[in-house]
1. Inside region 30-60, can you point out the residues that are in a loop (DSSP other than H, G, I, E, B) and either buried (at least 18 other Cβ atoms within 10 Å of the Cβ) or modelled with pLDDT under 50 (or both)?
2. Mind listing whichever residues of region 132-157 are over 15 Å from residue 42 (Cα atoms) and either at pLDDT 95 or above or within 13 Å of the chain's Cα centre (by Cα) (or both)?
3. Answer yes or no: is there a residue in region 106-127 that is on the phi > 0 side of the Ramachandran plot and in contact with a strand residue (DSSP E or B) (Cβ under 6 Å, 6 or more places away or on another chain).
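The values are calculated or read from the model by the stated rules, or taken from the named source; none is laboratory data. Model, not experiment: these values are computed from the prediction. When we count neighbours, we look across all protein chains shown, and the Cβ atoms used for this are built from the backbone with ideal geometry, even at glycine.
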């Protein structure tokens, strides 16, 4: 009878570890092979999007690679899809609800306190990590200070770095 609580604890811990692994796999983004055909860097994608960039990432949507940039303009939030081959905007859609809107608001708050751009954070991360390519950049407030999490990818794997936006 006393073994049941121990078994339940072990099963719970195992479940949490599996969930953490799944979430980590999602955070990783695209792998190197998927990213290889992209001719446009994340920095150029951030620059191509209209409005103030508040985050950007390469992702696979409906089986296709795309470069998604969240922007803010006049208090409204947008997801801008930048063609990864040409660097031109291929689609713009307003973010009006759900998790995407919550994320955009949090990113906007971080960028409101930032003194540096997301592009500068990405450039610094790439320069400090030769051979890597930026896959995503997401700002957040860390103890009230703005910082960008930059995910980098190369043929060897993924690396995540934090860059101050102060």
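1. 30, 38, 40, 41, 49
2. Of region 132-157, the ones over 15 Å from residue 42 (Cα atoms) are 140-147, 155-157.
Matches in region 132-157: 140, 141, 145, 146, 147.
3. no
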